[in-house]
Every structure is written in structure tokens, then in C-alpha cells.
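Let me begin by presenting the structure, written as C-alpha cells, before commenting on it.
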Amino acid sequence: MLYILPLVALILFFAIEKLKNHNWRHSILSGLVLWGISLTAITELLSLFKQLNKGCTAFLWLFINISLILIYFKSPQLISISKVTKKENKVRVSKPKGEDYVLSEFLLVSVVFIVVTTGLVAIVAAPNNWDSMIYHMSRVAHWIQNQSVAHYPTHTIKQLYQNPWAEFAILHFQILSDSDRLANLIQWGSMISSLVGVSLIASQLGATLHGQILSTVVCATIPMGILQASSTQNDYVVALWLVCLAYFTLRIVKDGSTRSNIFNVGGSLGLAILTKGTAYVYAFPFCIWLAVWGIKHLRWQIWKPIISVIGITISIDLGHYIRNLIVFGSPLSGGNDSYTNAEFGLQIFISNLVRNLALHADIIRNLGLQNIITPTTGITEKMIQLLHIAIGIDISDPRTTSPRGAKFHVPGLSLHEDTAGNPIHLLLIILAFVFVIFNLKNKNLTHVKPYSVAVLSGFLLFCFLFTWSPWRSRLHLPLFVFFSPFIGVVFSKYLNPKITTVLAVLLVLLSHSWIFRNATRPLIGNNNIFSTPRIEQYFVNKKYLKPPYARAVDLIKSQNCSMVGLMGDKIEFEYPFFAINDKYPIQNRMSFNHVNVTNKSAKTSYPLSSKNTEICAIIAVVSTKSNSIERNLAIDGHFYSQYWSEESVYVFTKQ
């Protein structure tokens, strides 16, 4: 039950923030920022001394909880709240009556149903996302094993240089619960918090209660969001911190650069960057917005908040920057794979813009009308091909397409968290912009216009910088979350409430496929999460590897081996080894470490196990196309002979 300690801390942060601000939604976001910074500090501090273990982690969370309890009860009024502040923090909205009240209740219940259902999937299902098996969950397992988040030798350097905050959060709950059963809840919690943040942004943009509810429904029904809410990816986590950044940006623009607002902006930006690299792109326009506002209102005094925000941001990300700098020579990248365009220009920008939009183009099948109307994917693809002929660029130009050799295509309806599009939501965004363009002089859109420009600029910058890939739609999730309050505000202002209510109901009804038929974690069907053994769920993307992986681990365990080496050109699908190993008692589990590493991470210190200082067996996973593998290996002065093999998995034992 030690895993409740971080949750208690989160509740206490919220309670203390509530003393300062009567708006409970504001208190949730500001409390989350404090909690996220605290989690980062604990991780970095314990890693520094290689004490990132259950006892020390629980002790520090307990210490924080006791401190927060003392602060709460001994200082019930931390900050005197003036009448003006109270007045500003109250959101005055007219409550719906009669039929409108019933419809509003229905929409809120629908949102709760989506949240509860995805939460059920998150708790019951095993983490099985492709990237999670490669590096999200694998890095967590290595950190627990090494008692530190320091870089280590690995064949999969994504485990090292990729921004780690989402995995930091998973790490704490996994250490304190001795299990990965809570791992999916980090994204799920981020979804819930984002819904709160989206409704709050809508209120700051001037939405009525109906508009705020509509914004929440739009966000809750994003197909990619529903699918990712029960996974161990990090796109919803970074969306949460970006939502916090957007909200506190609006607070500064409307209320001024108070210390609290400055701290929350810096904290949100730092946590967003520490979570995922796309935060640099999506946050940049909001930083520009703040800079323009500061120049206009603070003039030469603008340097003070700028220094504060930069200082807070860097202090949060400093540990990860230093680790990358030491190993890779750059604070941002491992230098092995690049997602940025090889060349830049207007033609390339247009190509990427159109191709990224095409990832969300299959509206006909999204509406379930494929048997009535000819699917649009073929038509859309032809039009995009003609456009590329006109601008004189290859539609699958290797300079702007990844992975190398990939061919552009307009995807159909997808229920997979790596490829799902959001076509109806894209259509709603376009319609909302049409309404705004035809009402540019409307004073009620004072903050809506710069907000929408900031979000749109983030998308345009994304298209300008990054290559197109069939899996880019998942990186667009923060943008669709950002646009949800924009849709809610604009539609509630220019459309009849009954029309927007029907629209919201339609979004809820159309979301059933993604709720119940998640491609990797379905609630219904023959392979649903209740009938499929947990261990098999880890291999949903590579089912053929389950038997050899299980036999290899069991075979080595029968040899009383406690420290296992991992190597091979296909060892990246790694986390299932740790998952299989978890069936043994904690004290009898084996350690897994990469051996024969030749990339830049090889210069890091080898994380010797406390159980044993020598590798007693090696598991090699090689490409099925390989004709053979050497029967004898020499590693670190020790010799190993091939003992067993099946499929593409080989076991070597020490001579």
C-alpha cells in the first residue's frame, strides 16, 4: 500500500493550493505542478546516491506528506485573499435549466463513463505498447534494477536520451507497489487532469458553462486520446503539462505576472519539456505570446519574469540534460536517429502540412458510412499526389519521410494507439476557424484569437521541422487537446445550444469503437483483456516471441543464474523479459544488463548487480533473417557457449 504515498501528497498539494485560491480547478493544476516537481526532485536526489529503492522512496514521500500536513493545519490561511482576488477567481456562469440541465447532466455522465471505462482498461490490462516494450517500460525496469536513473550501457539508446518524466512517475508507483499494474494509470490520470484543464481554459476564454461542458466532451472523445489513456506512452502526459502552461499563460495575460503565475508557467514548461521533445515546439508559441505581452505591459522589467521562468525550467530538466551531455555530447539527443527534415523550404513545408493533415482524413469511415459512400481515402490520396506533382516534390521524399523507405499513404480508420486519426475533431477545428475568421472584429474573442494562433503556430512549426511518418498522428494528441476549448468556446458563441448539444452527443456515441475495441487492449471480443492471460498481453505486438522468451528465462533461472546479459540486433523488444521475470519472488529475480554494447552508451559505468558481479548467461535476440549466429562468445574476458535456441532467441551459458 506504499503506492498511496504519492497520491496522498498530490491530494495535500491540492488542499493547500485550495487555501490560496477558491477555484478548485485552478488548485488542481497548480497542485499537479508542485507534485510533478517534487517527484522529479526525489528521483534526481535518490539517483545521485544510487538509493532509488522502495525504502528511500517511501521515506521521502512520507516526509513530504508530513510536512504538507503540518503546513495545512498550522497555516490554514497561508495567503490573505483580497476581495478582488476572490471576485476574479469565481467563474460566473448561468446554470442551465429544464431540458438544458438534463442534457448537460447527460454529457457530464458520458464523460465520466469514458473516464471510468478507460480507467478500467488501464488497471486490468498489462502495458503492451510497442514503444513501451522497447524503451518506456524497459528503462523503468533498468532504473529499478540500478537504483538510479543514470545512463547505462544499452543497445537501445532511446532508453537513455528520450525525455523521461512520464517514466519517472511510472517508476515511483512501480517501486512502491513491486508491480507494473499501476503503470497505465499515469496516462489515465493525465487524461482526467487535462479534461479539468481544458474546461478551465474554456472558462478563461469566456465560455459559458455550456461551452465548458462542450469543450470537455470534445477532449474526452478524441480517438487517439481514448486509446492512449490506458497505455504507457507519454503523449497525454505532455498534453497535461502543456495544458497547464496554456492556462497559466492566460492567467498572466489576464491577471498579470504574479509570483504564483510565473512559478506555474516555469514549472509547467519544465515538466512538459522533461516529458517529451514535442513540448519544445508546442510550447514555443505560448512563450512568444508571453514575451509580447511582457514587452507591452512590463517593458524593461520583462527580464525579471523571463529569468525566473528560464531558471525554473532548467532546474527541472538539468539532471537529464547533464546525463545526455556527458554520454552523447548533446543535452537533447542521442544523435542516432533524427526526426527532423533533412532540408527545409516552402515546398517541403506544404508537403508535410498536407500529409500530416491526411493522417486524420478518413471521415467517411469514422462516421460508419463506408457502405453508403465511397471511402474518401483513395480520393484524398489522389488529390495529395496531384498537389505534389504540381509543387515538384516526391510524395514520399526520403528527406522528409521516416523511417527511410516508407511510402506515403492516407490511413483508414484505425483502433490502434500508434496510428488512430481524429477526423471529426479535425473537421470541428476547421469549422471553428471559419467562424472566427468571419467574426474577427468580435470583441468577445479577445483572448480566443491569440490562443488559437498560438496552437495553430505549434502545428505549423511541427510540420516545418519534423518528417512525416505513418505514426505522427499520436504526436498530434496535445494539439487536439489544445483545440478542444477553442471548439467549445467558438461553437457555444455562434451556434444554437441545441445544435452543439446534438454535436456533443454525436461525439460521445461515435467514440464507442475506441472505448471498447482498442486494438491492443480490447474490452470486448475474443482477445479481450479479461480473457487473455496477462503475460500474453505483453506480446500482443509480437505474439511469436512469447514461447521462446518464456522458455529462455525459465531455462536460465533453472541454472541458478542471477545476472543475465542481453544482446543482439533485435533485443530492443526487451521489457517482456522483465515481465516474465516478475513471476518469481523479488529476492529471487534475475538482473538483466546489455552486453557487447558498441554505441556511445558503452562508456557508461557497468551497473554491477549486488547479487553477483559476473554475467552467468546471455540471451541473444537476432533478426529472423539471420542465417546463423556464432556458437561461442567472448565478452569482458569470459567465454560463453550456445546452450539453447528457438525462433530468433538464443541462450548462451558461461563456460
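The values are calculated or read from the model by the stated rules, or taken from the named source; none is laboratory data. In this text, all values refer to a predicted model and were calculated from it rather than measured experimentally. Note: ideal-geometry Cβ built from the backbone for every residue, glycine included; neighbour counts use all protein chains shown. Keep in mind that these areas ignore ligands, DNA and RNA; they rest on the heavy atoms of the full protein, side chains included. Shrake-Rupley method; radii C 1.70, N 1.55, O 1.52, S 1.80 Å.
Odds and ends about this structure:
- Taking the listed residues ALA183, ALA202, the one that is over 12 Å from the mean Cα position of the chain (by Cα), small (Gly, Ala, Ser), buried (at least 24 other Cβ atoms within 10 Å of the Cβ) and farther than 25 Å from TYR451 by Cα is ALA183, with no other qualifying.
- Total residues in the stretch 148-164 satisfying the condition of being among the hydroxyl-bearing types (Ser, Thr, Tyr) and under 17 Å from ILE273 (Cα atoms): the figure is 1.
- Any hit, the stretch 266-289, residues being of a type in the set (Gly, Ala, Ser) and open to solvent by 40 Å² or more (accessible area, probe 1.4 Å): no
- Of the set (1) assigned to a helix (DSSP H, G or I); (2) surrounded by fewer than 22 Cβ atoms within 10 Å (Cβ to Cβ); (3) of a type in the set (Gly, Ala, Ser), all apply to SER148 but (1).
- Scanning the stretch 376-418 for residues that are assigned to a loop (DSSP other than H, G, I, E, B) and open to solvent by 40 Å² or more (accessible area, probe 1.4 Å) turns up GLY392, ASP394, PRO398, ARG399, PRO403, ARG404, GLY405, LYS407, HIS409, LEU413, LEU415, HIS416.
- Applying the condition of being of a type in the set (Ser, Thr, Tyr) and more than 17 Å from ARG399 (Cα to Cα) to the stretch 463-486 and asking which residue is surrounded by the most Cβ atoms within 10 Å (Cβ to Cβ) yields SER484.
- Residues located in the stretch 441-458, provided they are assigned to a helix (DSSP H, G or I), in contact with a helix residue (DSSP H, G or I) (Cβ under 8 Å, 6 or more places away or on another chain), farther than 17 Å from VAL218 by Cβ and not β-branched (Val, Ile, Thr): ASN444, LEU445, LYS449, PRO450, ALA454, SER457, GLY458
- Condition check for VAL124: open to solvent by 10 Å² or more (accessible area, probe 1.4 Å) and not small (Gly, Ala, Ser): yes
- Residue that is surrounded by 13 or more Cβ atoms within 10 Å (Cβ to Cβ), in contact with a strand residue (DSSP E or B) (Cβ under 6 Å, 6 or more places away or on another chain) and at pLDDT 95 or above, where the choices are ASN356, ASN352: ASN352
- Every pair of residues 6+ apart whose Cβ atoms lie under 9 Å, when the first sits in the stretch 585-607 and is within 16 Å of ASN146 (Cβ to Cβ) while the second is modelled with pLDDT of 90 or more and among the acidic types (Asp, Glu): ILE586/ASP178; ARG589/ASP582; PHE592/GLU574; HIS594/GLU574
- Just one of the numbered conditions (1) closer than 29 Å to THR216 by Cβ; (2) at pLDDT 95 or above; (3) open to solvent by less than 20 Å² (accessible area, probe 1.4 Å) is not true of THR500: (2).
- Enumeration of residues in the stretch 155-174 that are modelled with pLDDT under 95 and of a type in the set (Val, Ile, Thr): THR156, ILE157
- Residues in the stretch 548-578 that are open to solvent by 10 Å² or more (accessible area, probe 1.4 Å) and small (Gly, Ala, Ser): ALA550, SER558, SER562, GLY568.
- Residues (open to solvent by 10 Å² or more (accessible area, probe 1.4 Å) and either of a type outside the set (S, T, N, Q) or within 30 Å of the chain's Cα centre (by Cα) (or both)) located in the stretch 437-451: ILE437, PHE438, LEU440, LYS441, LYS443, HIS447, LYS449, PRO450
- Candidates TRP293, TRP303: the one that is surrounded by fewer than 16 Cβ atoms within 10 Å (Cβ to Cβ), among the aromatic types (Phe, Trp, Tyr) and more than 12 Å from LEU160 (Cβ to Cβ) is TRP303.
- Taking residues in the stretch 419-440 that are over 26 Å from TRP468 (Cα atoms), and partners anywhere that are among the polar types (S, T, N, Q) and surrounded by fewer than 20 Cβ atoms within 10 Å (Cβ to Cβ), the pairs with Cβ atoms closer than 9 Å and at least 6 places apart or on different chains are VAL436/ASN442.
- Note on the stretch 308-335: residues that are more than 21 Å from ILE42 (Cα to Cα) and surrounded by fewer than 13 Cβ atoms within 10 Å (Cβ to Cβ) total 3.
- Filter pass, ALA454 being among the small types (Gly, Ala, Ser), surrounded by fewer than 16 Cβ atoms within 10 Å (Cβ to Cβ) and at negative phi: no
- When each of GLY488, GLY525 is tested for being under 30 Å from LEU107 (Cβ atoms) and in contact with a Gly (Cβ under 7 Å, 6 or more places away or on another chain), the lone residue that passes is GLY488.
Residue-by-condition table, conditions (1) among the hydroxyl-bearing types (Ser, Thr, Tyr); (2) closer than 20 Å to LEU250 by Cα; (3) modelled with pLDDT of 95 or more:
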residue: PHE435; (1), (2), (3): no, no, no
residue: PHE438; (1), (2), (3): no, no, no
residue: LYS449; (1), (2), (3): no, yes, no
residue: SER452; (1), (2), (3): yes, yes, yes
residue: PHE459; (1), (2), (3): no, yes, yes
residue: TRP471; (1), (2), (3): no, no, no
residue: LEU475; (1), (2), (3): no, no, yes
residue: PHE480; (1), (2), (3): no, yes, yes
residue: GLY488; (1), (2), (3): no, yes, yes
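- Selection status of PHE59, modelled with pLDDT of 95 or more and of a type in the set (Phe, Trp, Tyr): yes
- Candidates in the stretch 519-537 are the residues that are in contact (Cβ under 8 Å) with a residue 24 or more places away in the chain and not hydroxyl-bearing (Ser, Thr, Tyr); of these, the one that is most open to solvent (accessible area, probe 1.4 Å) is PHE530.
Okay, residues lined up against (1) among the charged types (D, E, K, R); (2) over 18 Å from ARG25 (Cα atoms):
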{"residue": "LYS158", "(1), (2)": "yes, yes"}
{"residue": "ILE170", "(1), (2)": "no, yes"}
{"residue": "PHE173", "(1), (2)": "no, yes"}
{"residue": "ILE186", "(1), (2)": "no, yes"}
{"residue": "THR216", "(1), (2)": "no, no"}
{"residue": "ALA229", "(1), (2)": "no, yes"}
{"residue": "GLN233", "(1), (2)": "no, yes"}
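- Residue count for the stretch 501-515 under the criterion of being touching a residue at least 24 places away in the same chain (Cβ under 8 Å) and either closer than 12 Å to LEU227 by Cα or in contact with a Phe, Trp or Tyr (Cβ under 6 Å, 6 or more places away or on another chain) (or both): the result is 4.
- Boolean, LEU242 is of a type outside the set (Val, Ile, Thr), over 17 Å from ARG474 (Cβ atoms) and surrounded by 24 or more Cβ atoms within 10 Å (Cβ to Cβ): no
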